[in-house]
Amino acid sequence: MPSMPPPGIAGAAAPPFFGTSAIIASVVIKSEATEAAFWIAARTTLVRSILTRKIILYMILASLRLR
């Protein structure tokens, strides 16, 4: 089975914002608020993963004590 050509090459016209067109047309706005929100989300994710591990460990240890 022959491989599919990339969109927009040798075929029907691609939609205006498809593939590389969307990347070229997109604009990234980086502000202090965006930067702060990213780091808050990363820190929250890290804390939650640590707490989840501690809770699971506590539950395992508690179940072993009940035996």
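At a glance:
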quantity	calculated
Label-to-label distance, nm, for residues given as residue 31 and residue 49 (7 Å Cα→Cβ offset)	2.9
Table column - 3J(HN,Hα) (Hz), region 53-65, Karplus curve with 6.51, -1.76, 1.60, x for Gly and Pro	4, 5, 5, 5, 4, 4, 5, 5, 5, 5, 5, 5, 5
Length added when fully stretched, residue 41-residue 57, from 0.36 nm per residue minus Cα-Cα	3.3 nm
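Laboratory data are not the source of any read-out in this text; all were calculated from the coordinates shown. The structure displayed is predicted, hence computed values, not measured ones. Don't worry about glycine lacking a Cβ; one is built from the backbone with ideal geometry, like all the others, and counts go over all protein chains shown.
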